[in-house]
1. Would you calculate the separation in nanometres between label points at residue 75 and residue 155, each defined as 7 Å from the Cα along the Cα-to-beta-carbon direction?
2. If I model a spin label at residue 50 and residue 85 as a point 7 Å from the Cα along the Cα→Cβ vector, what separation in nanometres do I get?
3. Expected output is a single nm value to one decimal: the length gained when fully extending between residue 37 and residue 136, i.e. 0.36 nm times separation in residues minus the C-alpha distance. What is it?
4. How do 151, 22 rank when sorted from fewest to most other Cβ atoms within 10 Å of their own Cβ?
5. If the chain between residue 66 and residue 170 were fully stretched, how many nm would it gain, using 0.36 nm times the residue separation less the Cα-Cα distance?
6. Give me the base-10 log of I(q)/I(0) for the range 8-83 at each q in 0.22, 0.24, 0.25, 0.27 Å⁻¹, Debye formula, one uniform scatterer per Cα, rounded to two decimals.
7. Compute the relative contact order of the range 8-83 as a whole-number percentage, counting only Cα pairs closer than 8 Å that sit 6 or more residues apart in sequence.
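Readers should treat all values here as calculations from the given coordinates under stated rules, not as data from a laboratory. For clarity, every value in this text was computed on a predicted model and none was experimentally measured. We place every Cβ from the backbone using ideal geometry, glycine too, and count neighbours over all the protein chains shown.
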């Protein structure tokens, strides 16, 4: 049915007896049959096997030429081969709209970093620093040691790291881009 693998063999089965992946395929098959001016696709690739993903991506690519296709995804790889504009949301707010995926990647790559740190010292002073620099953070105390994960803007990154070092003994610090797939995608293009 519609190029989605293995759907016809489930034609007589009750919907709730199907696996979550098979139900996703069926939901997408219904979407493919819809005759509308616009299509909303929300995390449709989650839970699909490779063959079904290929069919869904091909459908998105084809439909984007014919009608308005709005894709909501948490995985940037879902859309990197698709044409069209890219809107980026962060914590429920629209941050930016880019003309294409390449432009979005170039701008987003340097904007935010996820800092993970294990540090001794006073939790209250650490919380104050996090309030000044972090867009969002989590702070846990494990056996007298502070475990921090914080999202920090590129332009404040070095100041934040210096302040962390001044607060106590820094046991471990990692600095990862918020979207770790960016480097892999850049090499691909």
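1. Label at residue 75, label at residue 155, 3.4 nm between them.
2. Between residue 50 and residue 85, the label points sit 3.6 nm apart.
3. Numbers: separation 99, 0.36 × 99 = 35.64 nm, distance 3.82 nm.
In short, 31.8 nm is gained.
4. On the way: 151 18, 22 22.
Ascending Cβ contact count within 10 Å gives the list 151, 22.
5. Numbers: separation 104, 0.36 × 104 = 37.44 nm, distance 5.50 nm.
That works out to 31.9 nm of additional length.
6. Per q value, in the given order, log10 I(q)/I(0) is -1.05, -1.20, -1.28, -1.42.
7. Values: 50 pairs, mean separation 24.8, N = 76.
This gives 33 percent for the range 8-83.
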